[in-house]
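Right, one structure below, let's go through it.
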Amino acid sequence: MAGAEEVVDAIDQADGVEYSGLVLNEEGYERLVATPLDRVNCTLAATESFNRRNGNASLDEALARVLSILERAERPTTVTISVAFGCPFEGRVDPGVVAELARQLAVSAGEVVLADTIGVATPRQVRELVERTGAAGVHLHNTRNTGFANAYAALEGGVRLFDASVGGLGGCPFAPRATGNVATEDLVYLLEGDGVETGIDLDRLIGISEWLEGLLGRELPGQVYRAGVFPSRTTPRADSAATSSSA
């Protein structure tokens, strides 16, 4: 998290956009409240091993400190439960464990998000866990090419909040072989093409991916910014969805 304040200082905050910051512990929370960010996004893992690798705490300790932050927070809050479907160190995760964590966190958190950190989930698993927990959002990685099918399953399960990253950038140093999040422009194309209003200008989003490709000097994982937009003939649905940029 080094240099996070410098990133925040460089943002030209736009009206109508909510800006959130990710915190792992109380120190991170204190750093966030010294910034103009709008939302506190706490995270903890569903397994003992990942919590120790990513946050230097046991699962019980991680839960306790997140609950403490939620109790203190004066800004809107989100809690992301990482490795909710599978852990690189412990394998498959018991849905019951995730459901119990979500139950405890939902008492104080404004939003609970389920993260498929290493991209192992399948659509049925995503929809079942979303419906079981009542999670507001999902944080998906496309590591095994199931990310967008999982997003649609989450939508059908009631989710209206999707974490995504422009061009599909991202990853995690504690998640071996994990790729970035689902590409924002690909997700927006999927949702808008099926009649779900996102409020996002897809052409401008594609332009950002093209700019990033030049800046980084490599082709990004996203598909739509390379293939282009194809005219949609769908009838708008009553649904609406929000995406948040994440890595």
Solvent-accessible area per residue for the chain (1.4 angstrom probe, square angstrom): 50 Å²
The chain: calculated mean residue ellipticity at 222 nm from DSSP helix runs of at least 4, using -39500 (n - 2.57): -11500 deg cm²/dmol
Rounded to 10°, Cα long-axis angle of helix 59-72 versus longest principal axis of the chain: 80 degrees
Given [x] 50, 41, 35; [y] 64, 60, 33; [z] 57, 41, 34, the label whose value is Cα extents along the principal axes in Å derived from this model: [x]
0 to 90° range, to nearest 10: angle between helix 184-193 axis and the chain longest Cα axis: 60 degrees
Carbon and sulfur %, accessible surface of the chain computed with the full protein complex present, 1.4 Å: 49 percent
Within a Gaussian network of the chain (alpha carbon springs, distance under 10 Å), most fluctuating of V196, V130, V97: V97
Nearest-10 value in Å² for the accessible area of D201, using the 1.4 Å probe: 80 Å²
Dipole moment magnitude, nearest 20 debye, the chain about Cα centre, only Lys, Arg, Asp, Glu C-beta charged: 760 debye
Surface/4 of the Cα convex hull for the range 1-129, nm²: 8.4 nm²
Label-point separation, W211 to S58 (7 Å along Cα→Cβ), nm: 4.8 nm
Pairwise centroid distance, computed over Cα atoms, of the range 190-222 with the range 2-46, Å: 23 Å
With DNA, RNA and ligands ignored, accessible area of S244 (1.4 Å probe; Å², nearest 10): 40 Å²
Accessible area, probe 1.4 Å, largest first, for residues F230, F162, F148: F230, F148, F162
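The values are calculated or read from the model by the stated rules, or taken from the named source; none is laboratory data. On a predicted model such as this, the values are computed, not experimentally measured, just so you know. When we count neighbours, we look across all protein chains shown, and the Cβ atoms used for this are built from the backbone with ideal geometry, even at glycine. The protein model used for the area step is the full one, side chains on, heavy atoms only, and it has no ligands, DNA or RNA in it. Shrake-Rupley method; radii C 1.70, N 1.55, O 1.52, S 1.80 Å.
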